[in-house]
Amino acid sequence: MPLVAVVILGVAVASCSKDEALFDAIPAEVDNVGFVRLKSVLSQSGFKFGPNGVTTDGPAAPEGRFRDLVDLADVMDRSGVCDIDRMAWARDRDGVIYVTALVSDCDKFAEATSGEIGWTEAKDGFRQGQWGGFTALTGDGRFWLTDAKDAVKAVRELQKKAGKSPLTALSGICGMLEGQGLLNMALSCDAAAKGGKKDDGAQAAQESLWATISCDIKDNKLVAGSVVMQADGTTVAADGLQPVNQAVLSYIPDSFSFAFAVGLTPDFDWSVLTQAVSAFGGFQARGMMAVVTPYLQSINGTVMLAAGPANDQAYSEIDPGNWHFILMAHMPQQKITEIMNMVRNSMFVAGMSPRMTDQGLLIVPQYGMNLYLGNVDGYFAVSNMPFDNTRQNSLAPLFSGKDGAVMLELPSLRSLSPAAPAFGFRLTGQTGQGSTTAELALTGTTQPILQAILSALL
């Protein structure tokens, strides 16, 4: 038993050390970082790797960047000195991109990939070449791709920073990146908030929050999970969320193809929206946000938005008249009354006489339809169809116990274009207790999902 324990421990340590080696040339102070199992992704897309080259069960990759990627992956895999199922990338605070993989024999690797890259003689410890607009380097037991102007200098600087503050010191982030999934990535929330420019050192990286995303294939569905975590892996839940009130779902017809609902409290941080409008909107947009923000901050309960096609032209002709929609937001009666008074005053200024329904809802003619506005069960509600809380749908399991959820489905891609495949899709997402999940399933086909998506794109 002690011998078995030693063997198991040795394998575990060797595996851990191997994983850490991939990231030990990447510093903790990066904008984002990721890990991809490239061979598995391409295999799931219908490409088969063999001793005589790569073949495909699906459509051949057309000439261009994607074809070049398949060819490069093929020769890298056949070199026998590089594991393309263990590749990492990073984007530094200056926006420079780095892709790297471990290589056990750089000379053999350069020989195997010379047709795709065309290496020069070694200089300053690296052979150098070009691939797809990137500079390729091999040396020091690694393969690099980067868009830096001076590739060797940039990689050396990256390694120098990693020596002082390695990504491997962020145990939770590295553990997540090396976990299950075809593609895993982490984005520094602090770097995003600062515009990705400031490099605050190792201590700041340890204290930073990271938004993480992991993507995989399960039961022929593309699944993704996301959490915000500290550097040690502790999950951080967002403030200002509460469970969705499922009663609002009864207003959504079964024919609707889009539904979104989230439970909010007055503590919810709207600054991301207001800052985005300030950054990209004009004077009028900023003025509008100044008026709207107090009402957004007063929301205490569920916000729901749902939509569905009103006719056969809904997908082929982008026109508001081709769609039905419902928007409901729970807020204090006083705020709803203020909004309604503003709408009435605007109508009077425009020379329109307000009309009311028997339920006390305001009718506003707009875009060739009637908009219904008013207080519906304590919600400020807007719709271009009458409100009815006895409608039936299958959304309850998706929203049950969640702080938010979304559903989007399309019966056939041919609704968008006659040249598109006949299959459709259903996309769902849920958030609650600090984590978010999403799932994409194709409908009307049994083809492997990545292969089907690739066929549609090609």
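The values are calculated or read from the model by the stated rules, or taken from the named source; none is laboratory data. All figures in this text were calculated on a predicted structure; none of them were measured in a lab. Methodologically, a virtual Cβ is constructed for each residue, glycine included, from the backbone with ideal geometry; neighbour enumeration extends over all protein chains shown. To get the accessible areas, we keep the full protein, side chains included, count just its heavy atoms, and leave off ligands, DNA and RNA. Shrake-Rupley method; radii C 1.70, N 1.55, O 1.52, S 1.80 Å.
Once both labels are modelled 7 Å past Cα along the beta-carbon direction, what's the Ser400-Ser316 spacing in nm?
Each label point is offset 7 Å from its Cα along the Cβ direction, giving 4.0 nm.
Give a residue-ordered list of calculated ³J(HN,Hα) values for segment 43-57 (Karplus: 6.51 cos²θ - 1.76 cosθ + 1.60, θ = phi - 60°; whole Hz; x for Gly, Pro).
Per residue, the Karplus-derived 3J(HN,Hα) values read 5, 5, 8, x, 9, 10, 9, x, x, 9, x, 8, 10, 9, 8 Hz.
Under 15 Å from a point placed 7 Å out from the Cα of Thr443 along the Cα-to-Cβ direction: which residues of segment 400-425 have their backbone N that close?
Within reach of a label on Thr443, which here means backbone N under 15 Å from a point 7 Å along Cα→Cβ, segment 400-425 contributes 407-416, 422-425.
Going 7 Å from the Cα of Val236 in the Cα-to-Cβ direction, what parts of segment 266-288 have a backbone nitrogen less than 15 Å from that spot?
Residues passing the 15 Å test: 269, 272.
Leaving ligands and nucleic acids out of the surface, order Phe380, Phe258, Phe47 by accessible area at 1.4 Å, largest first.
The most accessible residue leads, giving Phe258, Phe380, Phe47.
What residues have an amide H closer than 5 Å to that of Arg142, excluding those fewer than 5 places away on the same chain, when H is modeled at 1.01 Å from N in the peptide plane?
Here Val103 satisfy the definition.
Under the Karplus relation 6.51 cos²θ - 1.76 cosθ + 1.60, θ = phi - 60°, what is the ordered set of whole-Hz ³J(HN,Hα) values for segment 242-249, x standing for Gly and Pro?
8, x, 5, 7, 5, 4, 5, 5
Once the piece of chain linking Val292 and Thr357 is laid out straight, how much longer is it, given 0.36 nm per residue of separation minus the C-alpha distance between them? Display every interim value, and only then the final one.
On the way: separation 65, 0.36 × 65 = 23.40 nm, distance 2.57 nm.
Result: 20.8 nm gained on full extension.
So what are the ³J(HN,Hα) numbers for segment 79-95, from phi and the Karplus equation (6.51, -1.76, 1.60; θ = phi - 60°), rounded to whole Hz, Gly and Pro as x?
Running phi through 6.51 cos²θ - 1.76 cosθ + 1.60 with θ = phi - 60° gives 5, x, 10, 9, 9, 7, 8, 9, 10, 10, 9, 8, 10, 7, 5, 9, x Hz.
Excluding Pro294 itself, calculate the net charge of residues whose Cβ lies under 13 Å from the Cβ of Pro294, where each Lys or Arg counts +1 and each Asp or Glu counts -1.
Local net charge: 0.
For the chain, which DSSP H helices look membrane-span-like by this rule: Cα extent along the axis of 30 Å or more and mean Kyte-Doolittle of at least -0.5?
2-23
Going by amide H atoms built from the backbone, whose H comes under 5 Å of the H on Ser257, apart from near neighbours?
Those lying under 5 Å, H to H, from Ser257 are Ala307, Gly308.
Once the piece of chain linking Ser346 and Trp270 is laid out straight, how much longer is it, given 0.36 nm per residue of separation minus the C-alpha distance between them?
Full-extension gain reported as 24.8 nm.
FRET efficiency for Arg156 and Thr55, Cβ-Cβ distance as r, R0 = 30 Å, nearest 0.05? Numbers along the way, then the final one.
Numbers: r = 39 Å, r/R0 = 1.31.
The calculated FRET efficiency here is 0.15.
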